[in-house]
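Have a look at the structure below, then the notes.
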Amino acid sequence: MPTPKKPAPQDADSAKTYTLLGADRSFYQSDTPGTLGGYRPRKIYGRLDCPSAIRAITRGGYVRHRVFFADEATAIAAGYRPCAACLREKYLLWKALPL
Ligand SMILES: [Zn+2]
């Protein structure tokens, strides 16, 4: 009986970097993936699994405008506001803020 092949070591994975948007709105490379997604033309940030973003991605034309943030503080510092679809409560709080 042949012994099952060992899976190849995932060296490529450990070396992977992610392009994230920083608080100063410039891109940088990170070892860890972002926790939030963003839509650049409208400066909205939201969850990675945001149903509204996924719908837009399915329609196409969205992906090239998509950015990623390490965390929420960075997204806010970069001037992005919460998504009304997936971050409803934060969005309402943001809307209530005097500008
Ligand atoms: Zn959303």
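Readers should treat all values here as calculations from the given coordinates under stated rules, not as data from a laboratory. Bear in mind that the values here come from a model prediction, so they are computed numbers and not experimental data. Cβ atoms come from the backbone with ideal geometry, glycine included; neighbour counts cover every protein chain shown.
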Table column - 3J(HN,Hα) (Hz), the range 21-33, Karplus curve with 6.51, -1.76, 1.60, x for Gly and Pro
9, x, 4, 8, 6, 10, 7, 9, 9, 10, 6, 10, x
Under a crude label model (7 Å from the Cα following the beta-carbon direction), how far is K43 from R64 in nanometres?
2.3 nm
Amide H neighbours of A70 under 5 Å, at least 5 residues apart or on other chains, H built in the peptide plane: list them.
L21, T35
Checking the a/c ratio against 1.5 first, then a/b against b/c, what shape does the Cα gyration tensor give for the range 17-96?
oblate
L48's amide H: which non-local residues (gap 5+, or another chain) put their own amide H closer than 5 Å, with H modeled 1.01 Å from N in plane and none for Pro or chain starts?
G37
